[in-house]
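Asks: Questions regarding the structure given below will be posed in turn.
Read-outs: derived from the displayed coordinates by stated rules, not from any lab. It should be emphasised that the depicted structure is a prediction, and the values quoted were computed from it without experimental measurement. Neighbour counts are summed over all protein chains in view; Cβ atoms, including those assigned to glycine, are modelled from backbone coordinates with ideal geometry.
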Amino acid sequence: MRFKWFQNKLTFVIIPEANESVMRLKLSRASVCAAALSFLILLGTAVCVYVAHVRAVVTTQMTESRQQAHTSRLEQDLNNKNKAIEQLQKEIFQLSRQAVEVRSKVEEMKKLERELKKLSSMNDGPSSEAAAVSADWPAMELVQGGMGGPAHPVTAQQVRTLARETHASYDSLRQEISELKDRWVQSKQTILEQREQAQRRPGLWPTGSRTVTSPFGYRKDPFTDKLSFHRGIDIAGKLNDPVLAAAKGTAVTVGYDKFHGHNVVVEHGNGLRTWYMHLNEALVKQGDGVERGQEIGKIGSTGRSTGPHLHYEILHNGKSIDPKPYLPGS
Ligand SMILES: [Zn+2]
């Protein structure tokens, strides 16, 4: 029954223009179904091919877009890195200029150090090495002003060389500044010691008076009229005039006896002592530290004395020496 349905014919009538005859086309139903099926398969295939094509186009566009974005990011990165390299090159150049300026300052400091050493009469001058460096690096100051010359862009190798040289220069400067600091600390110590020694060297008149009534050396003894040796100098003064320590030191003896009267001995170091005799009174105790110019007693006439005066004596390694070279202006 079904087979018979496929066998039945279908007639298609084609009516052309009015003066032409009508065409009749007889086809079996199977043929019509086959043709329709073929058409549908063809249509489906075309649709599939079109969809695949559209998808491929879209995918390609998306891929290109991603690649473009990626390329753009890479270009941006490259641009940023180039800027960073350029900035680093500028900084290396700036550092190299600063190294030259710091070097110049260090040389000025060395020059100042030499002048200070000369002023403080120090014997140990700068090392020959430092002097040689000074000759190689004259003091220089960079200032803003006109510049010119042909452009020669630096190569990567030149930048590396400049960075290496700048690094070496800073290493060298760090070392030199460290040595300079050590020398200055040593110089400061030496100057403090020199000042301390100067403070401890008798160099003041021990009285306000400059009138010497009896100098150091042989003389007629004021009590016996016989020749004797005077181990110090006698300086005239009024009773209770101040007696000053001639230098910084320590009062090692503060006492009284019938020959020296009230007397004070000050130890100054370097084998030097000063002795102040016939005081009306002493103003320091044994063991006291005394400063240069400090009042340590008052003029008197105690002990073997004919009247108010100060007997001033300087001892070097226990032996009396002439105080005159230690009295300014005498
Ligand atoms: Zn005397």
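Asks: What does the extension gain come out to for residue 97 and residue 330, with contour length at 0.36 nm per residue minus their alpha carbon separation?
Replies: Numbers: separation 233, 0.36 × 233 = 83.88 nm, distance 5.88 nm.
Here the answer is 78.0 nm.
Asks: Between residue 214 and residue 112, what's the calculated FRET efficiency when r is the beta-carbon distance and R0 is 41 Å? Round to 0.05.
Replies: Approximately 0.25, to the nearest 0.05.
Asks: Could you tell me which residue out of 53, 166, 204 lies farthest along the dipole of the chain toward its positive end? Charges go on the beta carbon: Lys and Arg +1, Asp and Glu -1, centred on the Cα centre.
Replies: 53
Asks: Let me ask something additional. Grab the other residues whose beta carbon is less than 13 angstrom from that of residue 233, score K and R as +1, D and E as -1, and report the net.
Replies: For residues surrounding residue 233, the net value is +1.
Asks: Counting Lys and Arg as +1 and Asp and Glu as -1, each charge on the Cβ, what is the dipole of the stretch 2-79 about the Cα centre in debye, to the nearest 20?
Replies: For this selection, approximately 840 debye.
Asks: What nm distance separates the two modelled labels at residue 48 and residue 81, each placed 7 Å from Cα along Cα→Cβ?
Replies: In this crude spin-label approximation the distance works out to 4.8 nm.
Asks: Let's see if you can work this out: charge +1 on each Lys and Arg Cβ, -1 on each Asp and Glu Cβ, no other charges. What is the dipole magnitude of the stretch 72-124 about its Cα centre, in debye to the nearest 20?
Replies: Working: 12 positive and 10 negative charges, 24 e Å.
Taking the Cα centre of the stretch 72-124 as origin, the dipole is about 120 debye.
Asks: Next question. Residue 21 to residue 55: FRET efficiency via 1/(1 + (r/R0)^6), r the Cβ-Cβ distance, R0 35 Å, to the nearest 0.05?
Replies: Details: r = 51 Å, r/R0 = 1.46.
Calculated transfer efficiency: 0.10.
Asks: Still on this model: Once the Cα atoms of helix 156-200 and of the chain are each reduced to a long axis, what angle between those two axes, in degrees from 0 to 90 to the nearest 10, is obtained?
Replies: 20 degrees
Asks: Something else: Where the only charges are on Cβ atoms (+1 Lys, Arg; -1 Asp, Glu), what is the dipole of the stretch 194-330 about its Cα centre, to the nearest 20 debye?
Replies: 260 debye
Asks: Further question: Of 68, 312, 270, which is farthest on the positive side of the dipole of the chain, counting Cα position, with +1 on Lys and Arg Cβ, -1 on Asp and Glu Cβ, and the Cα centre as origin?
Replies: Farthest towards the positive pole: 68.
Asks: Among 102, 215, 149, whose Cα lies farthest out toward the positive end of the dipole of the chain, if unit charges sit on the beta carbon of Lys, Arg (+1) and Asp, Glu (-1)?
Replies: 149
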